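The values are calculated or read from the model by the stated rules, or taken from the named source; none is laboratory data. Being a predicted model, the structure only gives us computed values, none of them experimental. In this analysis, Cβ positions are derived from the backbone assuming ideal geometry, glycine residues included, and neighbour counts consider all displayed protein chains. With ligands, DNA and RNA removed, areas are computed over all heavy atoms of the protein, side chains included. Shrake-Rupley method; radii C 1.70, N 1.55, O 1.52, S 1.80 Å.
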Amino acid sequence: MQPVLEVRDLSISFTQYQGGTRRRVLPVIRRLSLTVTAGEVVAVVGSSGSGKSLLAHGILGILPYNSQMEGELIYQGQPLTPQRAARLRGREIALVPQGVTYLDPLMQVGPQLRRGRRDAGARAESRAVLERYGLGRETEERYPFELSGGMARRVLIASAALQAPKLLIADEPTPGLDARAAGRILGHFRELAQEGAGVLLITHDLELALTIAHRVAVFYAGETVEEAFAADFPAGRLRHPYTQALWNALPGNGFTPISGTQPGPGEEGPGCPFAPRCPRRAADCAGDIPLIEAAGGRVRCLHPEGGKTP
Amino acid sequence: MKHRLLFTGKKFFRMALLLLGVSLAAFLLMSASPLDPLQTNVGQAALGTMSQEQIARLEEYWGVNEPPLRRYLGWLGDVIRGDLGVSLLYRQPVTQVIGQRLQNSLWLMAAAWVLSGLLGLTLGVLAGARRGRAVDKLIRGWCLLLSSTPAFWLALVLLMIFAVWLKVLPSGLAVPIGVDAASVTLGDRLYHAVLPALTLSMTGMPGIALHTREKMIDVLESDYVLFARARGESNRSILLRHGLRNVALPAITLQFAVISEIFGGSVLVEQVFSYPGLGQAAVTAGLGGDLPLLLGITVVSAAIVFSGNLIADLLYGVVDPKIRRGAARA
């Protein structure tokens, strides 16, 4: 089946000025690849500061002006140019942002959902979509500051569902919610996927992602290091040492930390950015590491888990 | 509603304290002034020809030998009874002098106020929306240039250009010379107010424009504008639906805060244009030792500036949903 979205070797970098005059290009995302098919939830998991939100902004074509994007974005089989993204966002491609700060603080919920439309049809639509997420009529007249954290998330999901999107990008939709509320919110995404949308869930929370995702793309220092099935995690079929370390660090799986920190943008040297922290590193890890097919998924590692220890 | 009343009550109490403080400060400055009202108003030559008796009468009229504390308390007692006193220079009740002058000045200041607000808001929004482009640089440069230009100098330059070289606008006064007061038309008044109003609006405009620009940039970089863009809203819709809405609140504050600047500027500008307004009267009263008039003008100006800020605070309660809804539920 043709994927809804295909991202191939995407790079996003920023131009910065140091000391006012020296220009430098800061790569935040490098070589990111993933695919999302209709009806599927794909989680992009990476720790904070790994540039995950920029992926969402890149797909939607709303990156800041001082950034450059390279690589290929394919939406429904056609290249997703900035012009095409501008046409599709808000129609076929929807974003669910992080929280209430993404709502205009001085505008009531109803008019925000309707995006300037005032006809009876728009009113009926916005009322129906709020009802779908358990929000009553009075929600339309509320200002964002009058919404609780959970209500705000549901309003944001409602705004995406209103568009009946083919591709839904959820950027950290659950922080600040307790496990049960977060589970309910994620359930809404699964539901939208069952209705036929491709869902790209961007999160730092692997445990939560595994509760609804079909596939997981793991992100490290701006690169995709592994694309795995959700089932690979409990089954011990992981490929990349970082993914394995991430899994082992979960409270239920030993809570084992690894030493060192993720290199920031511009700090990674040549070769594998995880090498300094990797138990399986070898001399050739300093060279170029391609993304290779492995056990039904993909991995960017020369000495993946399950292979011979070098 | 109770909340709103309490808020207003507190504000008025504060206003009373402020007026007391301002009048006392003005009085102390006046008493510390080295100017001798007799010499200033009567003249050295005339004083020399007067008898001791006449001089004593004049000294009594100007209150030269009265202890300062008693003078102030006397003035304050009258004011509380609703009497602002009689102007020593104009020999008319202070309320009447201020009333006349304020009528002239109010035209000028209202025009400058509206103009600086409209112009400042428009330019600020424009510069913020086009940040870094040529328009922005032009507006910013102009605003910085204007805000570092003294009002009286600007007044002189405009006077030279429009009244002296181009001869299209009058060089001063509020009405044409040699015309019967009854036959002065509204057009005449407006014609004479153009230059002073323009100069005066230029003192308030740059602040409004630059602050609005900053706020506009904040709004355009906000999460909610990013989300609006992600939802397919056009730049135009973002600017009109989200930009203006969120710039409105600080704009209200700026618009009312600029009243004080316009009052301050009017003193200088009216002097340059010989415009018979409140600012000019204040200068005359200050230099001439006319204590009742000066204190009267000071108190009235302070009350107007304070009321401006009070109106801004009250408008906030109407415009900002956080205050409106928050107060309604409390």
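Does region A:125-157 hold any residues that are within 12 Å of chain B (Cβ to nearest Cβ) and loosely packed, with under 14 Cβ neighbours inside 10 Å, and which are they?
The one that is within 12 Å of chain B (Cβ to nearest Cβ) and loosely packed, with under 14 Cβ neighbours inside 10 Å: A:GLU141.
Are there any pairs, at least 6 apart or on different chains, whose C-beta atoms fall under 9 Å, with the first in region B:127-139 and open to solvent by 100 Å² or more (accessible area, probe 1.4 Å) and the second of a type outside the set (A, V, I, L, M), and if so, which?
Pairs that qualify, where the first residue is open to solvent by 100 Å² or more (accessible area, probe 1.4 Å) and the partner is of a type outside the set (A, V, I, L, M), are B:ARG130/B:ASP136; B:ARG131/B:ARG213.
Scan region A:93-101 and give yes if some residue there is closer than 20 Å to A:ARG8 by Cβ and within 14 Å of chain B (Cβ to nearest Cβ), otherwise no.
Taking every residue of region A:93-101 in turn, at least one turns out to be closer than 20 Å to A:ARG8 by Cβ and within 14 Å of chain B (Cβ to nearest Cβ).
Find the residue count for region B:72-91, including only residues that are at pLDDT below 80, within 19 Å of B:LEU20 (Cα to Cα) and touching a Phe, Trp or Tyr at 6+ places or on another chain (Cβ under 8 Å).
1
Look through A:ALA122, A:ALA160 and report the one residue that is open to solvent by less than 10 Å² (accessible area, probe 1.4 Å), within 13 Å of chain B (Cβ to nearest Cβ), among the aliphatic types (A, V, I, L, M) and assigned to a helix (DSSP H, G or I).
Among A:ALA122, A:ALA160, only A:ALA160 is open to solvent by less than 10 Å² (accessible area, probe 1.4 Å), within 13 Å of chain B (Cβ to nearest Cβ), among the aliphatic types (A, V, I, L, M) and assigned to a helix (DSSP H, G or I).
Return the residues of region A:36-75 that are of a type in the set (S, T, N, Q), touching a residue at least 60 places away in the same chain (Cβ under 8 Å) and open to solvent by 10 Å² or more (accessible area, probe 1.4 Å); say none if nothing qualifies.
Within region A:36-75, A:THR37, A:SER47, A:SER48, A:SER53 qualify.
How many residues does region A:14-71 contain that are closer than 23 Å to A:GLN83 by Cβ, away from chain B (no Cβ under 14 Å) and over 14 Å from the mean Cα position of the chain (by Cα)?
Here the count works out to 5.
What number of residues in region A:85-104 are open to solvent by 40 Å² or more (accessible area, probe 1.4 Å) and without any contact (Cβ under 8 Å) to a residue 60 or more places away in the chain?
4
List, please: which pairs have Cβ atoms under 6 Å, are six or more places apart or on different chains, and start with a residue in region A:169-196 that is without any contact (Cβ under 8 Å) to a residue 60 or more places away in the chain and within 17 Å of A:VAL44 (Cα to Cα) and end with one that is among the small types (Gly, Ala, Ser) and surrounded by 13 or more Cβ atoms within 10 Å (Cβ to Cβ)?
A:THR174/A:ALA182
List pairs: first in region A:250-278 and part of a loop (DSSP other than H, G, I, E, B), second among the hydroxyl-bearing types (Ser, Thr, Tyr), Cβ under 8 Å, 6+ apart or cross-chain?
A:GLN262/A:SER47; A:GLN262/A:SER50; A:GLN262/A:TYR220; A:PRO273/A:TYR220; A:PHE274/A:TYR220; A:PHE274/A:TYR242; A:CYS278/A:TYR242
Please go through (1) touching a residue at least 12 places away in the same chain (Cβ under 8 Å); (2) open to solvent by 50 Å² or more (accessible area, probe 1.4 Å); (3) out of contact with any strand residue (DSSP E or B) (no Cβ under 6 Å at 6 or more places or on another chain) for A:GLN244 and return the number of the only condition it doesn't satisfy.
(2)
Given the options A:VAL216, A:VAL225, name the one that is closer than 30 Å to A:GLU92 by Cα, open to solvent by less than 10 Å² (accessible area, probe 1.4 Å) and in contact with a Cys (Cβ under 9 Å, 6 or more places away or on another chain).
Just a single option satisfies the conditions, and that option is A:VAL225.
Identify all residues within region A:258-310 that are of a type in the set (Ser, Thr, Tyr) and either within 24 Å of A:GLY51 (Cα to Cα) or surrounded by 11 or more Cβ atoms within 10 Å (Cβ to Cβ) (or both); write none if there are none. Steps first, please.
Let us first name the residues in region A:258-310 that are of a type in the set (Ser, Thr, Tyr), namely A:259, A:261, A:309.
Passing the criteria: A:SER259, A:THR261.
What helices (runs of 4 or more DSSP H) completely inside region B:197-306 contain at least 1 residues that are away from chain A (no Cβ under 14 Å) and in contact (Cβ under 8 Å) with a residue 60 or more places away in the chain?
Per the criteria, B:244-272, B:278-288.
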